[in-house]
Amino acid sequence: MPKIVKFICLYIMIFQIDSCSAFTTDFWFVETRQQLEAITDIENIVLVASTGRSGSTMLYITLLKQTSFTVLKTHCLPPDASFKGKIIFIFSNPDFAIESALHFAMINPIFGIQHFNNMENSDQEWLNKIQDSTCQTISHNLLCYDAFGCKQHLSKWLQEESSPSTIEEAQILAIKYEHLWEEPTIAAIKSFLLLDELKLPEKKARGCNPNELTHEESIFRLTYNQGTPESPRYAAYDEARVLWKAAPPFQFLKIIK
């Protein structure tokens, strides 16, 4: 495909507008598999991929300001092996991530709709049963059911559709959010993207203050949290947590599908 056609496809993909578009003036978002396929052949791209609520927007903004790449963001599953750009996949402790997702989904129906639409393997039928993400109940909520498919998402990115790689051949740099600010991780990002410098914003505490939670959220946490408020543990995310714990602080991967 001629280069000019590739960039026209990218332009159309980025600026398309529909009733549930996730594109805003703040970032360019790859929302669908079709959009992901449209950028497969473009080399000067860094795709920040994530399971959600794991620092991807912060990392996106940082790279956008400090690199010459076209930086995009997605919650899609991995592209195929022909992808010519570079991907940073950032993920975090699923118990903390889902508490954050629940909070925003319950206070903001637009966030809930967009997050379900953007997560390629989310359970849309489950969402339809409760009608709206703000209508979660004691038996139908994100703390007791992995409706976003977090386990599958981690498995696809870290195991099923990738394999360990040298930095020279790597298409993916997978990073645990909890280790993002460590010097070896920053050095890995710089090496992967061939950057001379990279400065991350100051790390902030995660989560909400108890007084920011809705009444329903507080009840859901008390009912399903098998850990502590400081170290939550939800049974619905046991498998996802195993994948998160087993992963190193960062690793170079190659797409195998």
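The values are calculated or read from the model by the stated rules, or taken from the named source; none is laboratory data. These numbers come from a predicted model, not from an experiment. In this analysis, Cβ positions are derived from the backbone assuming ideal geometry, glycine residues included, and neighbour counts consider all displayed protein chains. What goes into the accessible areas is simple: the full protein's heavy atoms, side chains included, and nothing from ligands, DNA or RNA. Shrake-Rupley method; radii C 1.70, N 1.55, O 1.52, S 1.80 Å.
Quick notes
- Any hit, region 206-213, residues being in contact with a His (Cβ under 9 Å, 6 or more places away or on another chain), open to solvent by 90 Å² or more (accessible area, probe 1.4 Å) and assigned to a helix (DSSP H, G or I): yes
- Here the condition is being charged (D, E, K, R), modelled with pLDDT of 95 or more, under 17 Å from Met58 (Cβ atoms) and in a helix (DSSP H, G or I); of Glu217, Glu178, Glu239, it holds for Glu178 alone.
- Scanning region 156-176 for residues that are open to solvent by 10 Å² or more (accessible area, probe 1.4 Å) and within 18 Å of Glu239 (Cα to Cα) turns up Lys156, Leu158, Gln159, Glu160, Glu161, Lys176.
- Qualifying positions in region 90-133 - part of a helix (DSSP H, G or I), open to solvent by 20 Å² or more (accessible area, probe 1.4 Å), polar (S, T, N, Q) and modelled with pLDDT under 95: Gln114, Asn117, Gln124, Asn128
- Taken together, the residues in region 49-89 that are assigned to a strand (DSSP E or B) and either at pLDDT below 95 or hydroxyl-bearing (Ser, Thr, Tyr) (or both) amount to 3.
- Residue check for Leu63: under 15 Å from the mean Cα position of the chain (by Cα), among the aliphatic types (A, V, I, L, M) and crowded, with 18+ Cβ neighbours inside 10 Å: no
- Close contacts from region 181-197, counting a first residue that is on the phi > 0 side of the Ramachandran plot and a second that is in a loop (DSSP other than H, G, I, E, B) and at pLDDT 95 or above, with Cβ to Cβ under 7 Å and a gap of 6+ residues or different chains, come to none at all.
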